[in-house]
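Reviewing the structure listed below.
The values are calculated or read from the model by the stated rules, or taken from the named source; none is laboratory data. What you are looking at is a predicted structure, and each value in this text was computed from that prediction instead of being measured. Every residue, glycine as well, gets a Cβ built from its backbone with ideal geometry; the counts of neighbours run over all protein chains shown.
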Amino acid sequence: MNDHDKSRLTFFRDDILRMRGYQAGEQPQGDKIIKLNTNENPYPCSPSVVQAIRSVEAGGLQKYPDASATAFCTAAAPILGVDPNWILCGNGSDEILSIVTRAMVGPGQKVRWPFPSYVLYSVLTDIQGGLSDPVSFAPDWNLTDEFYSDQDQLGLVFLANPNSPSGTLLDPEKVLELVNAVRCPVLIDEAYADFAGVSCVDLVAQNERILVSRTLSKSHGLAGLRFGYLVAQPQIIEQLVKIKDSYNCDALSIAGATAAITDQVWLRQNVEKVRSTRQELSEQLESMGFEVTPSSANFVWCKHCDRSSLEIYEYLKSNQLLVRYMEFGSWGDGIRITVGTDDQVDALVTILSSILKKP
Ligand SMILES: Cc1ncc(COP(=O)(O)O)c(C=O)c1O
């Protein structure tokens, strides 16, 4: 929309008109395209999820769902080692991030995250009239000293762990050092933590400023279901509940998510498969001249030594294979490739070899 059109929309806040909004990854529908661009799981979810959803549907949907998603909290609590009232459920972990930002960040407050990371953090900050404070990662994807600096206006820190797009992981001791260095809450976004086998959930009991968000979209193969949750101390959850929509999770998603979290055997087997394909994918890419960042997630971040990332992305797309091209201004660009099935990875390697042979 051009400036002339925007000038008509005076009923919007200026900052909303100025903001860019989150650009979600492309979501082409249908089976023709191999989709390795938004870190979905390539395998169908646990069969118990489908069964649970069917039985809720058969009972009818005329009543409102349980506003607290009690069944999920009760099933997840022993797995996470917390009480059910330490869990807040949401419509995907994006909603959890939004609830926390709305509850904690006011106009003029700073929100920090390491850069580059999940692009939604800056959008959520903008919506609140907050000030973005992205601090560049060190070249080895560790946090720099600047990241630990405390400031009066600092209202919230986001830390995706593993990080996206790099797939890199910080160990919980480092996270604890960060929490001790600042006075504001630190939200550890563990969307990909199952693939790393490392979590900061155990730290939550140590400090009420530690909040951990998780999702069923990735390791449980349920991106289409929209279910995520937060683990935090009960006095924190009690305040956040005031912000959420009453019925933010529907009856089908609560039933499906409860079945999914209960089926830990499916989860473990799935994570094993994805990790083994991740290893294979990384080795194949390296053998073709890519520089691959060691990943603890279900995707890899890479760049080719002498071909442009944009050119590779476009060539793959023209061959019906979608990966995520990401560009971060002066920081540079690269390609993020979701770990697919072994067959999808084979198809990727075949197409890549054909472009790399071209002069
Ligand atoms: C780092 C990170 N956090 C959170 C999410 C949101 O996941 P969802 O809203 O599907 O739970 C994503 C999705 O790609 C992500 O990459």
If you go through the stretch 218-267 one residue at a time, how many are assigned to a helix (DSSP H, G or I) and of a type in the set (Ser, Thr, Tyr)? 3
Got at least one residue in the stretch 204-212 being within 14 Å of the ligand (Cβ to nearest atom) and either surrounded by 18 or more Cβ atoms within 10 Å (Cβ to Cβ) or not assigned by TED's automatic domain parsing to the domain that holds ASN91 (or both)? yes
Tabulated pairs, the stretch 208-234, first hydroxyl-bearing (Ser, Thr, Tyr), second assigned to a loop (DSSP other than H, G, I, E, B), C-beta under 6 angstrom, 6+ apart or interchain: THR215/ALA191; SER217/ALA223
Do you know which of the residues in the stretch 213-227 that are closer than 17 Å to ALA196 by Cβ and near the ligand (Cβ under 9 Å from one of its atoms) is surrounded by the fewest Cβ atoms within 10 Å (Cβ to Cβ)? SER217
Limited to the stretch 250-267, what total is found for residues that are within 13 Å of GLY221 (Cβ to Cβ) and not aliphatic (A, V, I, L, M)? 3
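Given the condition in a loop (DSSP other than H, G, I, E, B), away from the ligand (no atom under 16 Å from the Cβ) and among the hydroxyl-bearing types (Ser, Thr, Tyr), answer yes or no: does some residue in the stretch 194-203 qualify?
Scanning the stretch 194-203, I find no residue that is in a loop (DSSP other than H, G, I, E, B), away from the ligand (no atom under 16 Å from the Cβ) and among the hydroxyl-bearing types (Ser, Thr, Tyr), so the answer is no.
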Going by what's in this entry, would ILE79 be described as buried (at least 20 other Cβ atoms within 10 Å of the Cβ), more than 12 Å from the ligand (Cβ to nearest atom), of a type outside the set (Lys, Arg) and farther than 18 Å from GLN153 by Cβ? no
Boolean, THR293 is surrounded by 16 or more Cβ atoms within 10 Å (Cβ to Cβ), within 21 Å of the chain's Cα centre (by Cα), of a type in the set (S, T, N, Q) and closer than 16 Å to ASN41 by Cα: no
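Could you please let me know if GLU190 is within 25 Å of MET104 (Cβ to Cβ), in the same structural domain as ASP150 (by TED's automatic domain parsing), more than 15 Å from the ligand (Cβ to nearest atom) and touching a Pro at 6+ places or on another chain (Cβ under 9 Å)?
No.
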The stretch 140-166: number of residues that are under 16 Å from the mean Cα position of the chain (by Cα) and free of Cβ contacts under 8 Å to residues at least 40 places away in the same chain: 1
I'd like to check something: does the stretch 316-328 contain any residue that is over 18 Å from the mean Cα position of the chain (by Cα) and of a type in the set (Ser, Thr, Tyr)? yes
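Which strands (runs of 3 or more DSSP E) sit wholly inside the stretch 48-139 and have at least 3 residues that are free of Cβ contacts under 8 Å to residues at least 24 places away in the same chain and not β-branched (Val, Ile, Thr)?
Answer list for the stretch 48-139: 131-136.
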Would you confirm whether any residue within the stretch 42-51 is within 16 Å of the ligand (Cβ to nearest atom), at positive phi and surrounded by 15 or more Cβ atoms within 10 Å (Cβ to Cβ)? no
Out of the stretch 62-76, which residues are surrounded by 12 or more Cβ atoms within 10 Å (Cβ to Cβ) and not β-branched (Val, Ile, Thr)? PRO65, ASP66, ALA67, SER68, ALA69, ALA71, PHE72, CYS73, ALA75, ALA76
Identify, please: which residue in the stretch 89-135 is more than 17 Å from PRO165 (Cβ to Cβ), away from the ligand (no atom under 11 Å from the Cβ) and hydroxyl-bearing (Ser, Thr, Tyr) and is, among those, surrounded by the fewest Cβ atoms within 10 Å (Cβ to Cβ)? SER132
I'd like to check something: does the stretch 299-309 contain any residue that is in a helix (DSSP H, G or I) and in contact with a strand residue (DSSP E or B) (Cβ under 6 Å, 6 or more places away or on another chain)? yes
For SER149, only one of the following conditions fails: (1) farther than 21 Å from LYS242 by Cα; (2) within 16 Å of the ligand (Cβ to nearest atom); (3) of a type outside the set (D, E, K, R). What is its number? (2)
